[in-house]
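Here is the structure we will look at.
The values are calculated or read from the model by the stated rules, or taken from the named source; none is laboratory data. Worth saying up front: this structure is predicted, and the values here are computed from it rather than measured. Here Cβ is always computed from backbone atoms with ideal geometry, including for glycine, and neighbour counts include all displayed protein chains. These accessible areas exclude ligands, DNA and RNA; they are computed on the full protein's heavy atoms, side chains included. Shrake-Rupley method; radii C 1.70, N 1.55, O 1.52, S 1.80 Å.
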Amino acid sequence: MTEKDITKIKVGKFDISIAGIKQVIAELALTYADKGDEEIAAVMLERLSQNNYIPGAAKEEYRQAFVREFRRFTGQPYQDEAPQGLQIKVLGMGCPQCHSLTQTIMELLTELGFPADLDHVTDIKEIAQYGIMGSPGLVINGKIVAVGKVSPRNQIKAWLIEANQSGGAK
């Protein structure tokens with residue numbers, strides 16, 4: 001497996017990296033598109049367990065996540081998990097400014113006691129989907145709030161408070 005074969009998916013309330021899921025879904029897409037969730041979950045769990053650690057106590061959550069990703073890939077209806085807390089993305093290739101911004105956000109989230117999913121996105125293709133031309137970029141609940149600079153701590157704190165008061169994840 002190469003680094004490109006690893007995909008992050010939501011399993012329960014955690015983001016989990018799964019090796020080979022795209023390949024397994026692509027292989028199953030034509031023959032399993034009309035199958036039921038139980039059958040899809042069983043075959044995906046069996047195949048993906050070969051190269052991924054899947055805790056016994058969390059197998060049902062993994063099964064649900066695998067079916068959701070399969071349905072999403074094949075363009076079929078699926079039930080998405082409702083995000084909990086703030087959804088925050090730092091967009092940047094890993095420069096010192098990106099790391100500084102990520103660290104500041106972690107400190108503020110701890111200080112404020114807000115639940116959040118903080119992701120530092122370094123994949124250039126994923127960053128390009130946001131249409132930003134500078135880094136770091138800061139996205140809170142799907143809204144781009146800063147590009148090309150590390151905003152002052154008090155400004156970031158204000159954005160976090162505002163996003164949390166407007167209902168968390170969207």
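Out of the residues in the range 110-127 that are part of a helix (DSSP H, G or I) and of a type outside the set (Asp, Glu), state the one that is surrounded by the most Cβ atoms within 10 Å (Cβ to Cβ).
So the residue we want is ILE127.
Across the range 128-148, which residue is surrounded by the most Cβ atoms within 10 Å (Cβ to Cβ) among those that are touching a residue at least 40 places away in the same chain (Cβ under 8 Å) and within 17 Å of ALA158 (Cβ to Cβ)?
LEU138
With the checklist (1) open to solvent by 30 Å² or more (accessible area, probe 1.4 Å); (2) in contact with a Gly (Cβ under 8 Å, 6 or more places away or on another chain); (3) in a helix (DSSP H, G or I) in hand, flag the one item LEU101 doesn't pass.
(1)
Working only within the range 31-40, note down all residues that are closer than 14 Å to ARG72 by Cα and part of a helix (DSSP H, G or I).
Residues satisfying the conditions are TYR32, ASP37, ILE40.
Conditions first: (1) among the aliphatic types (A, V, I, L, M); (2) over 13 Å from the mean Cα position of the chain (by Cα); (3) at pLDDT 90 or above. MET133 passes all but one, so which condition is the exception?
(3)
In a helix (DSSP H, G or I) and either under 23 Å from VAL121 (Cβ atoms) or in contact (Cβ under 8 Å) with a residue 40 or more places away in the chain (or both): which single residue out of ARG72, ARG47 fits that description?
Numbers: ARG47 fails: either under 23 Å from VAL121 (Cβ atoms) or in contact (Cβ under 8 Å) with a residue 40 or more places away in the chain (or both).
ARG72 is the lone residue from the list that is in a helix (DSSP H, G or I) and either under 23 Å from VAL121 (Cβ atoms) or in contact (Cβ under 8 Å) with a residue 40 or more places away in the chain (or both).
Does GLU107 fit the bill of being open to solvent by 50 Å² or more (accessible area, probe 1.4 Å), under 30 Å from ASN164 (Cβ atoms) and over 15 Å from the mean Cα position of the chain (by Cα)? Don't jump to the end; show me each part of the working.
Numbers: open to solvent by 50 Å² or more (accessible area, probe 1.4 Å): yes; under 30 Å from ASN164 (Cβ atoms): yes; over 15 Å from the mean Cα position of the chain (by Cα): yes.
It is true that GLU107 is open to solvent by 50 Å² or more (accessible area, probe 1.4 Å), under 30 Å from ASN164 (Cβ atoms) and over 15 Å from the mean Cα position of the chain (by Cα).
Does any residue of the range 67-87 turn out to be more than 26 Å from ARG153 (Cβ to Cβ), open to solvent by less than 20 Å² (accessible area, probe 1.4 Å) and within 15 Å of the chain's Cα centre (by Cα)? Write out each step before concluding.
As a first pass, look at the range 67-87 and keep what is more than 26 Å from ARG153 (Cβ to Cβ): 67-82.
Checking the rest, the ones that are also open to solvent by less than 20 Å² (accessible area, probe 1.4 Å) come to 67-68, 70.
Those left that are additionally within 15 Å of the chain's Cα centre (by Cα): 68.
For the range 67-87, residues more than 26 Å from ARG153 (Cβ to Cβ), open to solvent by less than 20 Å² (accessible area, probe 1.4 Å) and within 15 Å of the chain's Cα centre (by Cα): present.
Might you let me know whether the range 80-92 holds any residue that is in contact with a strand residue (DSSP E or B) (Cβ under 7 Å, 6 or more places away or on another chain), modelled with pLDDT of 90 or more and not aliphatic (A, V, I, L, M)? Give the derivation first.
Within the range 80-92, the first condition is being in contact with a strand residue (DSSP E or B) (Cβ under 7 Å, 6 or more places away or on another chain), and the residues that meet it are 81, 83, 85-92.
Now restrict to residues that are modelled with pLDDT of 90 or more: 88-92.
From what's left, not aliphatic (A, V, I, L, M): 89, 92.
Within the range 80-92 (the criterion being in contact with a strand residue (DSSP E or B) (Cβ under 7 Å, 6 or more places away or on another chain), modelled with pLDDT of 90 or more and not aliphatic (A, V, I, L, M)), the answer is yes, since at least one residue qualifies.
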